[in-house]
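The values are calculated or read from the model by the stated rules, or taken from the named source; none is laboratory data. Just so it is clear, the structure is predicted and the values come from calculations on it, not from any experiment. Here the Cβ positions follow ideal geometry from the backbone for every residue, glycine too, while neighbour counts run over all protein chains shown. Accessible surface is based on the protein model in full, side chains and every heavy atom, while ligands, DNA and RNA are left aside. Shrake-Rupley method; radii C 1.70, N 1.55, O 1.52, S 1.80 Å.
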Amino acid sequence: MENEIHQVIPINPVPYSRSRQAGEAQTVLDHIVDDFQENPVAMQYFYDLFRQVYCHGDEIPHSGKLVGTTCIQAPEELIYAFGATPVRLCNGSYHYDQRGADFMPAKSCSLVKATLGMLSSENVIPKIGKPDLVVNPSTCDQKKKSSVMIEGMGYSVYDLEFPNVKESEASRVYWRRSVREFANQLRKLTGKRLTRANLKAAMAMTGRAQAAFRTLHNFRRQTPSLILGKDAFLVTNAYFFDDIERWTTAVEKLNAELAERQAAGFRAVQSKAPRVVFTGSPPIFPNLKLPLLIEEAGGVVVADETCSANRMLYDMTAVDEWLLSDMVDSLADKYLKPCTCPIFTRNDDRKRRLLDLVAQFKADGVIYQAFSGCQVYEMEYRSVAEEFNKAGIPMLYIETDYSPDDQGQLSTRIEAFLESLKNRKKRHA
Amino acid sequence: MTAAKPAMQRLRDAVNEVDFNRFRFWFQITAFILFVYGGYLAIDLGSKLPFFSCGYNREGRAGVCYLLPLQHQLGRNWAVLFSMASLTILTGFLTFAAWFIVLNKGWCGFVCPLGTLQDWISALRRRLGIRYANYTQGQFAQLTKIKFVLLALLILIPLGIGGGLFSHDMSPPFCLICPARMVLPLFTGDLSQFTIDFSSKTAVVMTALGISVTALFFVGSFVKKRFFCFFCPMSALHYLISKPALLKLKKDGSKCTRCGDCYAVCDMEIKEIADDVKTTNIMTDDCTMCLKCVASCPETGALKATFVGIPIFVSTETGFIKRMNKGCQHGK
Ligand code: SF4
Ligand code: SF4
Ligand code: SF4
Ligand code: SF4
Ligand code: SF4
């Protein structure tokens, strides 16, 4: 039947760069690049990267087996150690979100839908190739339920068992075992052995990337800001798929430029621009809707607590004895213990982290994004709001998804919020 | 953010970014030599030292572990014990406390020869590429009490001996089973402690027990970091009087991410160091104040050692990155 239809209406594939999807990326990228002044010169690397990958559909080469991850909990050091390349599959495209609607109930998280939509397409963008293994940590329900669907699309999927309670000793033991099992899987996949030397080399590589990220993060403490949040998000988004060494070098260049900016007393925003900490569901290119709305409206995102940026790169691993077993256990702990993901039973760490970010980055307020359908972030809203209320920190809670339809309404709310932050600042001054 | 930092700040940065493990290694060696061989240079720091500078290392010791005179004093005949002579117990204790207060449990992490020796045995194991052992949480909770039991016995048994309840062959009870009595004299070529005393049944039992404990000490320290310290009654005594100590281990919970890096390097498997974000005085009964946790905390200001309230060694992000890079690239 299908064949007949195809015969009747022959499909003339448009080149990717003229597709609706490329258009979506193009619009956002143009906005990021052209609608703001004095972008750091070193950002050009990232602008070009996104243009090539998302707007032109260029291929991204990689070495070894390709391991797709659907979450930051999959220890990438292990993947690198086995000579494979990790790629984060979490997707931010509205086009894929709509495609993914076939798999999930209507009111589901855009991120999960977009990831499914992407994986189910023939022509996956970013064009990294088909993952040899998809690692799906058992985090939120929607991700858990995606496993079988992804498998149904013809991928081989590994469920990385992740505990829901992170404080208990049982969870530490359980998770360490999970991570070891994951290493076993990677051994089977790659046919290579995990050794002290290759794990150490992998950790040195991610360590350098993390140090670069932390330097960038620290530059954002400066008031008035040296760099806008939309650029910072683009940088961390690139980490999803870019070659890690190249990425790190590019970030180090950016840091060098920020150091110069600092020395020259440069200001990327007006001195009274309200400083915002961003938390909640992760902004992933091209869905940088909220950060862009905030900065268009004259605010600046100075720090974030999301799994597409800070949570992915901030926490570093300490090892006591550089033996394989100690390294693997320390890595496991670093993925579980400091994580502020909302899928855990308690969120004390998330609250403390947010309060600390607000204090350290001299933020005036917080904007909390929850993707409609992301129950865990929606449910945590209450407790986080209470905490900020107690501390006298204003917070704006926004429920949204990947669709651009609510932009007008959101920008009104954001403007009003930023205005109130400004007034508050004036009163306090 | 100015280019030229004040000298004080530069000094602080240099300290906070020091290659900590190396610093501690050399500090411990120096202390070990001082206390195990100092006697040959006629150094004598008295007999109230708050760590295991064993009195049985007759020639080399530069001072004596307080537990030895303490047990002797408590083991006096009751008539003597409850007379004015008991004043010497008090002055002895005060001298001990005065020593202790300076470094707190830092004596354990940096000075105690028996502690240092365990670190060397661990280093040997590490060089052989063998993983250390851990206790489960349940084992930890049980075993951590033992040092207090030993401390109680170390006080009660001598009292019993003085009262004629136990044989004098049991005196000084803890020393007879203390591994330091056999191990430290070895370093000055004195093997005389490795004997079983056949003069009485009690003596046989006690000396045989001593040899077994020493054997256990070597095996235990090989598989477990600071194996003996976990059971050490000196450590229990320290903890009981640690309130007024000058050196302190402090934590600022608001800066802690509970990443567990400090726990990962802690030889004593102390979970509170990472998990507890409320207590500011974070030294627990098992802690040896080795300060490894401070050196491996990536959050600036989350952990620190203070001396009379002045921060002397503070966790910093830059310090962490420097040290971990070292480990990552050419660590042992
Ligand atoms: S945003 Fe929420 S629902 Fe979506 S993947 Fe993350 S935790 Fe799950
Ligand atoms: S045997 Fe042990 S307790 Fe006795 S003096 Fe020597 S070190 Fe101290
Ligand atoms: S706890 Fe360890 S370091 Fe401290 S006195 Fe006892 S044996 Fe020495
Ligand atoms: S290493 Fe520092 S931040 Fe991490 S748990 Fe320990 S004290 Fe907290
Ligand atoms: S808590 Fe810190 S100072 Fe105490 S033993 Fe553990 S690592 Fe050493």
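If the chain linking A:T249 and A:E169 were pulled fully straight, counting 0.36 nm for each residue of separation and taking away their Cα-Cα distance, it would gain 25.0 nm. Partner shielding of B:122-131 amounts to 3, given as the average count of beta-carbon atoms from other chains within 10 Å of each residue beta-carbon.
Quote the charge dipole size of region B:22-238 about the Cα centre in Debye, to the nearest 20; the model charges only the Cβ of Lys and Arg (+1) and of Asp and Glu (-1). Don't skip to the answer; put the middle values down first.
Details: 18 positive and 6 negative charges, 179 e Å.
Roughly 860 debye, rounded to the nearest 20.
Since only A:Y402, A:Q375, A:V300 are under comparison, the one whose Cα sits farthest along the positive direction of the charge dipole of region A:297-429, derived from C-beta charges on Lys, Arg, Asp and Glu, is A:V300.
When a/c reaches 1.5 or more, the comparison of a/b and b/c decides; with that in mind, is chain A rounded, prolate or oblate per its Cα gyration tensor? Write down the numbers at each step before the final one.
Details: a/c = 1.42, a/b = 1.15, b/c = 1.24.
Rounded.
Under the convention that each Lys and Arg Cβ holds +1 and each Asp and Glu Cβ holds -1, the size of the dipole of region A:33-428 around its Cα centre is about 780 debye. Of the options B:M268, B:L291, B:I177, report the single residue whose Cα projects farthest towards the positive end of the charge dipole of the protein assembly as shown (beta-carbon charges: Lys, Arg +1; Asp, Glu -1). Highest projection toward the positive end goes to B:I177. Using the rule -39500 (n - 2.57) for each DSSP H run of four or more residues, divided by the residues of chain B, the 222 nm mean residue ellipticity is -15000 deg cm²/dmol.
Is it possible to state the helix-based mean residue ellipticity at 222 nm for chain A, with each DSSP H run of 4+ residues giving -39500 (n - 2.57), the sum divided by total residues, to the nearest 500 deg cm²/dmol? What is it? Walk me through the numbers before you get to the answer.
Working: 17 runs with 217 residues, N = 429.
Per the formula, -16000 deg cm²/dmol.
Simple rule: put +1 on each Lys or Arg Cβ and -1 on each Asp or Glu Cβ in the protein assembly as shown, find the dipole, and look at A:L226, A:S330, A:A209; the Cα lying farthest toward the positive end is A:S330. Measuring r between the beta carbons of B:T30 and B:L128 and using R0 = 22 Å, the FRET efficiency lands at 0.25.
Distance between the modelled labels on B:T279 and A:S271, one decimal in nanometres: 4.6 nm (7 Å Cα→Cβ projection).
Report the calculated FRET efficiency for A:Q407 and A:H56 (r = Cβ-Cβ distance, R0 = 25 Å), to the nearest 0.05. Could you put the intermediate results ahead of the total?
Values: r = 26 Å, r/R0 = 1.02.
So the FRET efficiency works out to roughly 0.45.
Within chain B, the whole DSSP H helices whose Cα atoms reach 30 Å or more along their own axis and whose mean Kyte-Doolittle score is at least -1.0 are B:201-223. Taking only complete DSSP H runs, can you tell me which helices of chain A stretch 30 Å or more along their own long axis by Cα positions and average at least -0.5 on the Kyte-Doolittle scale? Long hydrophobic helices here: A:196-219. Looking at region A:67-120, the trypsin sites (Lys or Arg not before Pro) that sit in a DSSP loop and have at most 14 other Cβ atoms within 10 Å of their own Cβ are A:K107.
If each residue of separation counts as 0.36 nm, what is the full-extension length gain between A:R221 and A:A359 once their alpha-carbon separation is subtracted? Walk me through the intermediate numbers first.
Working: separation 138, 0.36 × 138 = 49.68 nm, distance 1.01 nm.
The A:R221-A:A359 span can extend by a further 48.7 nm.
Solvent exposure of region B:54-211, expressed per residue, is 45 Å² of accessible area, with all protein chains present and a 1.4 angstrom probe.
Accessible area buried by the pairing of A and B, both sides summed with a 1.4 Å probe, works out to roughly 3000 Å². How would you classify region B:147-208 from its alpha-carbon gyration tensor, with a ≥ b ≥ c the square roots of the eigenvalues: rounded for a/c under 1.5, else prolate if a/b is greater than b/c, otherwise oblate? It comes out oblate by the Cα gyration axes. Each pair of Cα atoms in region A:66-208 enters the Kirkwood radius, and Stokes-Einstein at 37 °C and 0.692 mPa s then converts it into a translational diffusion coefficient of 207 µm²/s. Kindly state, to the nearest 0.05, the FRET efficiency for B:N77 paired with B:L246, given R0 = 30 Å and r defined as their beta-carbon distance. Between B:N77 and B:L246 the formula returns 0.20.
Computed from point charges on the beta carbon alone (+1 for Lys and Arg, -1 for Asp and Glu), the dipole magnitude for the protein assembly as shown about its Cα centre is near 2340 Debye. Shown here for region A:75-176: GluC sites (Glu not before Pro) in loop regions (DSSP other than H, G, I, E, B) with at most 14 other Cβ atoms within 10 Å, namely A:E122, A:E161.
Filter A:K107/A:K144; A:K166/B:K250; B:K250/B:K271; B:K147/B:K251 down to the pairs with a C-alpha to C-alpha distance above 20 Å, please. Before the final figure, lay out each step's value.
Details: A:K107/A:K144 16 Å; A:K166/B:K250 24 Å; B:K250/B:K271 15 Å; B:K147/B:K251 25 Å.
Pairs exceeding 20 Å: A:K166/B:K250; B:K147/B:K251.
Taking label positions 7 Å along the Cα-Cβ direction at both B:H168 and B:K271, the computed distance is 4.9 nm, reported to one decimal.
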